[in-house]
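Visitor: Structure below; questions to follow.
Just so it is clear, none of the values below were taken in a lab; they were calculated from the coordinates. As the structure is a prediction and not an experimental result, all values here were calculated from the model. Methodologically, a virtual Cβ is constructed for each residue, glycine included, from the backbone with ideal geometry; neighbour enumeration extends over all protein chains shown.
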Amino acid sequence: MIKISAKSIYLSLIVYLILNSSPIHASDYKAYGFIQPEMSVFFNGKGRHGQKNTNLSIFGKGTFISYLQNDDAKFSINILGRYDDNDRELRYLDFQKLKYEYFFDDLEFKIGNDIIFWGVNETFNIVDIVNQSNLAEDLAGTKKLGQTMASLSYSHDYGKFDIYLMSNFQERSFPGKNGRPRLSMEIDKNTVTYESSAKDKKVDFAIRYSTVLDDLDFGLSHFYGNNRAPELKPNSSTLKFDPLYPILSQTGLDIQSTKGSWLYKLESISAKNGNERHFSAAGGIEYTFYGIQNTQSDLGIIIEYIFDDRNNNPLNNDGVLGLRWNRNDIKSTTFLAGLLIDLSGNSNRLQAEFEQRITDDLKLFVDFSLNGNINRADFSYQFKEDSKITVKIAKYF
Amino acid sequence: MKSYIFSFLIIVICNVHTFAMSDEEKGLKIAKDAYDSTRGYVDSTSEQIMILIDPKGNEVIREISGKNFENMDPNDGDKSLIFFNKPKDVEGTVMLSHTHVNDDDDQWLYLPALGRVKRISSSNKSGAFMGSEISFEDFSGLDYRKYDWKYLGEENYENEICYKLESYPKYKNSGYTKRIGLTDQLLRARKIEYYDRKGDLLKTIYFEDHKLYNESIWFADTFKVVNHQNDNITIYKWENRLLNTGLNEKDFEKSSLSRLTD
C-alpha cells in the first residue's frame, strides 16, 4: 500500500509515460481490468469482537501494458484496490506492478513495483518471500502487496539467475478493528520496531536460480532483509499487539516433477529469523482425472502437508486435502474445495470456491469458509465464529 | 518420340512402385508428404477467433493470439505460445507449450489472477479447448508421426478426387480411436472424421479457406468442427497469419514468460 506522497509521484510517472508512449505506438498497449462488488454473510451472527454479520465491499483491478523502444522495453501497471464497508484497513490502493523493464538478449533489467512468486505448492508457499502479505485480504497470506525493487536477470541454457534489491519496505497489513475475521487484538501501528537499525529504509537483497530439466522445474533462492512477517508481542497496557520485524536470512528450495497426470511438489526453507534458526518443509501431490465419466469434466485431487520445527508456528504439522473440479464448459465452471487439517490438534476448516461466467464480461464467484472443529489452543480458534459465504460478481472491461 | 517413351516408362515405374506398396505404406507416404509440405514455416504469428455455436444457434466468441516456433528435430514437436484475449476474464493468461510427438507436452500457464507461472499436466490433450469442440490434440492432427496410417482409396469430394486415409493415434492419452480423412491432390486435408474412445463417430473437422503462404505452404485458415453427438459447432479462424517473422526461440522458454506477461 502506497503512502500519499509516493502515490502522487507514481501517478505523475504513469501519466507521463502514458502521454509519451501511446501516441507513438497507439496499438502497442493493452488495458483491461475488472470491478467486483462483494457481499459476505456470516453464519454465527455477530463476531466475538462485535463485528457485523454482513459485509459489503468493492474490489477492483486495472492492468496496463505497453511495449516501448522497438519492443525491447515494457512498461506495466497493475493496480488493485478495495473499499470495504466495515473495515478501514481494507480501504486501499496498491500498485502491485508499476515497472519498467528493458530486455537485452540474455539480460533483463527491471525497476519499479512487482509481484515475484517463488514456489510450486497450491497451499503452503513457504519459499515465497519477496512480497509483503496483505493479510487484510486473506489471513492465509496468499494475497500480496507490490514490492519496490531493482532487478537484473540473466538467462542461459543451464538456467536463469535473478538478483533483486528491494527498498520501500511495507509493513504487513492486518484486518482492522471491524474486520472479520481478525486477530484477537488489534495491531498497534505506532509501536512498530525493527531489528535492523535502518528500519524500513533497509535495502533487502535476494537471489534466485531456476531451471527446467525435462519434467523437473527447480528453484533455489536466498533472501536477506526485513522479515515480511512481524513478531506480534501483546502489550498489556494498550491491549494491542506491538509488531517487531526481525532480520530474516532464508534459503529456499522448490521442486516440481510433472509426470503425466501426476504432479509432485516440494518446498523447503532453512531460515535464521533474528537469532533463531528454523526449518520447514512442505509438499504434496496432485493427480487429475481427465474427462471423467465420458464428459469434458476434469477432477483433480490435491494433498499437501507442511512441517515446521517451530512448535508455536500455526502451520507446523498441518495438511490439506483439496478437490478441483473443472467442467471445461462454455461458462468455465470450476469448483475448488480444500479441507485444512491441523494434525496435532485435530482442528479443521473447509474453504471452497465456485466460479462461473455469466456473460462475456460478467463472472460469478461464491466463496465458502467454514470452521469445523477447532481446538481452544489452536491459532485459528480466534476465527471460530467467522464461517461465511461471500458472493462476488466481477464486471470486466 | 524418345521423350514420350521415357515419360511412359516413368509412369509405369511409378505405378509399379506404388502398386508394390501396401495400403499402410501408401497411407503413410501420403500423410508424410502432406505434413512435409507444411514444414519450413520457421515461425509464425496469428490471431485466432473461435465462434462457438450451440444447437439453438446461440453464439459466443473466443479470441486468442498465437506464436509458433518450428522444431527442426525430426523426432520432436514445435513450440507454441497462446495469448488469451477473450472472454475478458482470461485476458492476460499465457500458455507456453513444448510439444512432443507421442509423449505428453511440457506446458506452463501464467495466470494473472495468481501472478504465477504454473507447470501444468498436459495429459488432457483431448480435452475441450476453451469450451469449444476442438481439442489441443487437433492442432497437431496433421502430424503423420502421431498416427498409424492406411490408404482406403480415392473419393470424390467437392468435385475433386481425394485420397481417403484412415489413421489410428499412437498417443496413449488420445481422445480418439480412429480418424477417416480426405486429402486432396495438393496434399491439403479437406475433412477428417473423428471416432471417440468407444469407437463412435464424434465429430468432423472441415478444413476450409485454404491459403498459399509465402508461395509455398498451404494452410487452412478455417476449421469448421461439427460435433455429431451434442450438435455443437465451432468455427475456428486464423487471421493475419504471418510466417518466418524472425521470432527468437528463447521467447519460447519458461524463463522468458515474464517478458510476455504483465
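Visitor: In degrees, nearest 10, range 0 to 90: what is the angle between the Cα axis of helix B:23-36 and the longest Cα principal axis of chain B?
Guide: 50 degrees
Visitor: Tell me which chymotrypsin sites (Phe, Trp or Tyr not before Pro) from the stretch A:145-211 have a DSSP coil assignment and no more than 10 other beta carbons within 10 Å of their own.
Guide: A:158
Visitor: Also, I was wondering about something else. Please report the relative contact order for the stretch A:4-396, taking Cα pairs under 8 Å with a sequence separation of at least 6, and give it as a percent rounded to a whole number.
Guide: On the way: 1006 pairs, mean separation 46.2, N = 393.
So the answer I get is 12 percent.
Visitor: Evaluate the distance, in nm, between pseudo-label points positioned 7 Å from the Cα of residue A:184 and of residue B:103 along their respective Cα→Cβ axes.
Guide: Each label point lies 7 Å from its Cα, and together they span 5.5 nm.
Visitor: I'm a student and want to see the number: the projected area of the Cα convex hull of the stretch A:180-276, averaged over all directions, in nm². Before the final figure, lay out the partial values.
Guide: Numbers: hull surface 37.5 nm².
Computed as one quarter of the Cα hull surface, the answer is 9.4 nm².
Visitor: What net charge is computed for the residues neighbouring residue A:213, neighbours being all others with C-beta under 15 Å from the C-beta of residue A:213, Lys and Arg scored +1, Asp and Glu -1? If you can, show how the numbers build up before the last one.
Guide: On the way: positive: A:160, A:259, B:119, B:254; negative: A:157, A:214, A:215, A:217, A:254, B:106, B:253.
My count for the surroundings of residue A:213 gives -3.
Visitor: Which number comes out as Rg/Rh for the protein assembly as shown once both Rg and the Kirkwood Rh are worked out on C-alpha atoms?
Guide: On the way: Rg = 28.2 Å, Rh = 27.6 Å.
In the protein assembly as shown, Rg relative to Rh is 1.02.
Visitor: If every alpha-carbon in the stretch A:92-248 counts as one equal scatterer, what log10 I(q)/I(0) does Debye give at q = 0.11, 0.15, 0.20 1/Å?
Guide: -0.50, -0.87, -1.36
Visitor: Here's something else I'd like to know. Report, ordered by chain and residue number, the lysines lying within cross-link reach of residue A:52, taken as a straight Cα distance under 18 Å and ignoring same-chain residues fewer than 8 apart.
Guide: A:177, A:384, A:388
Visitor: Using the 10 angstrom Cβ neighbour count as an exposure proxy, how do B:38, B:245 rank, fewest first?
Guide: On the way: B:38 18, B:245 11.
Taking fewest neighbouring Cβ atoms as first place, the list is B:245, B:38.
Visitor: Do any GluC sites (Glu not before Pro) in the stretch A:96-130 lie in a loop, going by DSSP, with at most 16 other beta-carbon atoms within 10 Å of their beta carbon, and if so which?
Guide: Numbers: sites: A:101, A:108, A:122; in loops: A:122.
Sparse-neighbourhood loop GluC sites (Glu not before Pro): none present.
Visitor: Please report, for the Cα atoms of the stretch A:63-137, the Rg to one decimal and the Dmax as a whole number; what are they, in angstrom?
Guide: Spelled out, the Cα radius of gyration and Dmax of the stretch A:63-137 are 15.7, 50 Å.
Visitor: Counting only Cα atoms, I'd like the Rg/Rh figure for the stretch A:4-396, Kirkwood definition for Rh. Before the final figure, lay out the partial values.
Guide: Details: Rg = 21.8 Å, Rh = 22.9 Å.
Here Rg/Rh amounts to 0.95.
Visitor: Once every DSSP H run of n ≥ 4 in chain A is given -39500 (n - 2.57) and the sum is divided by its residues, what mean residue ellipticity at 222 nm do you get, rounded to the nearest 500 deg cm²/dmol? Numbers along the way, then the final one.
Guide: Details: 1 runs with 18 residues, N = 397.
That comes out to -1500 deg cm²/dmol.
Visitor: Also, quick follow-up: Within 10 Å of each candidate Cβ there may be at most 14 other Cβ atoms; applying that plus a DSSP loop requirement, which GluC sites (Glu not before Pro) in the stretch B:209-262 survive?
Guide: Working: sites: B:215, B:239, B:249, B:253; in loops: B:215, B:253.
Those that pass, being in a loop and sparsely packed, are B:215.
Visitor: Same structure, new question: Looking at chain A as a GNM with Cα springs under 10 Å, which of A:104, A:43, A:335 has the largest mean-square fluctuation?
Guide: Checking each option, the largest mean-square fluctuation is seen for A:104.
Visitor: Within 10 Å of each residue's Cβ, count the other Cβ atoms and sort B:72, B:50, B:95 from fewest upward. The partial results should precede the final answer.
Guide: Values: B:72 9, B:50 22, B:95 19.
The order, fewest Cβ neighbours first, is B:72, B:95, B:50.
Visitor: Tell me, what HN-Hα J-couplings in whole Hz come from the Karplus equation 6.51 cos²θ - 1.76 cosθ + 1.60 at θ = phi - 60° for each residue of the stretch A:327-343, using x for Gly and Pro?
Guide: Whole-Hz 3J(HN,Hα) from phi for the stretch A:327-343: 7, 6, 9, 5, 9, 6, 6, 9, 9, 10, 9, x, 9, 9, 10, 8, 6.
Visitor: Using only Cα atoms, tell me the angle between helix B:2-20 and the longest principal axis of chain B; keep it within 0 to 90° and round to the nearest 10.
Guide: 60 degrees
Visitor: Then there's this: Please report, to two decimal places, log10 I(q)/I(0) for the stretch A:254-397 at q = 0.10, 0.19 Å⁻¹ as given by the Debye formula with identical point scatterers on the Cα atoms and no solvent.
Guide: For the stretch A:254-397 at q = 0.10, 0.19 Å⁻¹, log10 I(q)/I(0) is -0.48, -1.18.
Visitor: Could you pull out every residue, at least 5 positions away or on a different chain, whose amide H is within less than 5 Å of the one on residue A:68? Hs are placed 1.01 Å off N in the peptide plane, and Pro or chain starts have none.
Guide: So residue A:68 has HN proximity to A:73, A:74, A:75.
Visitor: Apply the Karplus curve 6.51 cos²θ - 1.76 cosθ + 1.60, θ = phi - 60°, to the phi angles in the stretch B:118-125 and return the couplings in whole Hz, x for Gly and Pro.
Guide: Running phi through 6.51 cos²θ - 1.76 cosθ + 1.60 with θ = phi - 60° gives 10, 6, 10, 5, 10, 6, 9, 3 Hz.
Visitor: Taking springs between alpha-carbon atoms closer than 10 angstrom, which of A:54, A:191, A:333 fluctuates most in the Gaussian network model of chain A?
Guide: Fluctuation is largest for A:191.
Visitor: Where does the longest stretch of chain B lie that holds no trypsin sites (Lys or Arg not before Pro) found in a DSSP loop with 16 or fewer other Cβ atoms within 10 Å?
Guide: Details: sites that count: B:39, B:56, B:170, B:172, B:197, B:198.
Counting at most 16 other Cβ atoms within 10 Å as exposed, the longest clean stretch of chain B is B:57-169.
Visitor: From the cross-link list A:110/A:143; A:46/B:88; B:86/B:164; A:259/B:146; B:56/B:88; B:172/B:203, which pairs have alpha carbons spaced over 30 Å apart? Show your work: numbers first, answer last.
Guide: On the way: A:110/A:143 22 Å; A:46/B:88 37 Å; B:86/B:164 37 Å; A:259/B:146 20 Å; B:56/B:88 24 Å; B:172/B:203 20 Å.
In this structure, A:46/B:88; B:86/B:164 lie more than 30 Å apart at Cα.
Visitor: Next question. Would you report the distance distribution of C-alpha pairs in chain B as whole percents per 10 angstrom bin, up to the bin with the largest distance?
Guide: 6, 26, 36, 21, 7, 3, 1, 0
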